[in-house]
Amino acid sequence: DDDVAALVADIEETAGTMLDPTRTPGKAMFLFGPSHSGKSTFLRLLKAVAGAANTSAVTLHDLGTDTFATANLYGRMLNVAADLSNKHVEDLSKFKMATGEDPLQANRKYGKQFEFTNQTMFAFSANELPTVSEASNAYKNRMKPFEFPNSFEGREDHTLEAKLMAELPGILARWVTAYARILSRGNYAPTDAATMTQFASKSDRV
């Protein structure tokens, strides 16, 4: 139906933002819902399109606590962190800088500190959303949440992922076309109001 078509268009447009090396993706993709609902399959599809060499795996928690995590984003087009812990995220400053085109200071073990502007698209998933230190618009506006509400546990199609991987050229073409729509509009499509309300509520520790 129209709602499903709009959701597919939205998630493809968001995925397409990782393909442009000249821009900082302004929003992170966050997939949430029960286990066996397809979240990890979609993240593996993202990684397959980007390529392992162009992908990092920094969690939302790492950005706030690990001194060396930020450096792992440098030169990558995609950062995938699946199955995030629902542990509270206290410090969002690096995440907001990374999605806000602000210069980041990065440290490598036994190396010199360096500065760069992030061009990596973040893609996270979780069964239960972590709460964050602020439920302000600054966090919500940097997220594109997508709910995967249906669990297929016990009735999974074990051939689906192989079928999708066989269609990577066509999927890439769809994402290029989808990203062109964002460029034409000048902004992301609005997130479904009910999904955003649920995401914001579950992210709020209060």
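Calculate, for segment 87-206, the solvent-accessible area per residue in square angstrom, rolling a 1.4 angstrom probe over the heavy atoms of the protein chains.
For segment 87-206, the solvent-accessible area averages 59 Å² per residue.
Each other residue within a Cβ distance under 12 Å of Gly100 adds +1 if Lys or Arg and -1 if Asp or Glu, for a net charge of +2.
This structure gives Rg and Dmax of the Cα atoms in Å, computed directly, and of (1) 16.6, 54; (2) 18.1, 55; (3) 16.6, 59 that value is listed as (1). Computed about its Cα centre, the charge dipole of the chain is approximately 680 debye, with only Lys, Arg, Asp and Glu carrying charge at their Cβ.
Computed from backbone phi with θ = phi - 60° and the Karplus coefficients 6.51, -1.76 and 1.60, the 3J(HN,Hα) list for segment 185-190 is 6, x, 6, 6, 5, x Hz; x is used for glycine and proline. What is the local net charge at Glu128, summed over the other residues whose Cβ is closer than 15 Å to its Cβ (Lys, Arg +1; Asp, Glu -1)? Counting the neighbours of Glu128, the net charge comes to +1. In terms of its C-alpha gyration tensor, segment 1-49 has an oblate overall shape, because the principal axis ratio a/c (a ≥ b ≥ c, square roots of the eigenvalues) is not below 1.5 and a/b does not outweigh b/c. Split the accessible area of the chain by element, probe 1.4 Å, and carbon with sulfur accounts for 52%. With a cut-off of 13 Å between beta carbons, the residues surrounding Leu183 carry a summed charge of +1, where Lys and Arg count +1 and Asp and Glu -1.
Cα centroids of segment 138-161 and segment 183-199: 16 Å apart. The phi torsions of segment 157-167, fed into the Karplus equation with coefficients 6.51, -1.76 and 1.60 and a -60° offset, translate into couplings of 8, 6, 9, 4, 5, 4, 5, 5, 4, 5, 9 Hz, rounded to whole numbers, with Gly and Pro shown as x.
Between the C-alpha center of segment 9-40 and that of segment 94-125 there is a gap of 18 Å. Proximity of backbone amide H atoms, modeled 1.01 Å from N, is registered between Asn79 and Ser56, Met121, Phe122, Ala123 at under 5 Å, excluding neighbours fewer than 5 places apart on the same chain. With the simple spin-label model, which puts each label point 7 Å out from Cα in the Cβ direction, the Arg205 to Asp157 separation comes to 4.1 nm.
The values are calculated or read from the model by the stated rules, or taken from the named source; none is laboratory data. Just so it is clear, the model here is predicted, and its values are computed rather than measured. Cβ coordinates were reconstructed from backbone atoms using ideal geometry, including for glycine residues, and neighbour counts include every protein chain displayed. When the accessible area is computed, the model is the full protein with side chains, heavy atoms only, and any ligands, DNA or RNA have been set aside. Shrake-Rupley method; radii C 1.70, N 1.55, O 1.52, S 1.80 Å.
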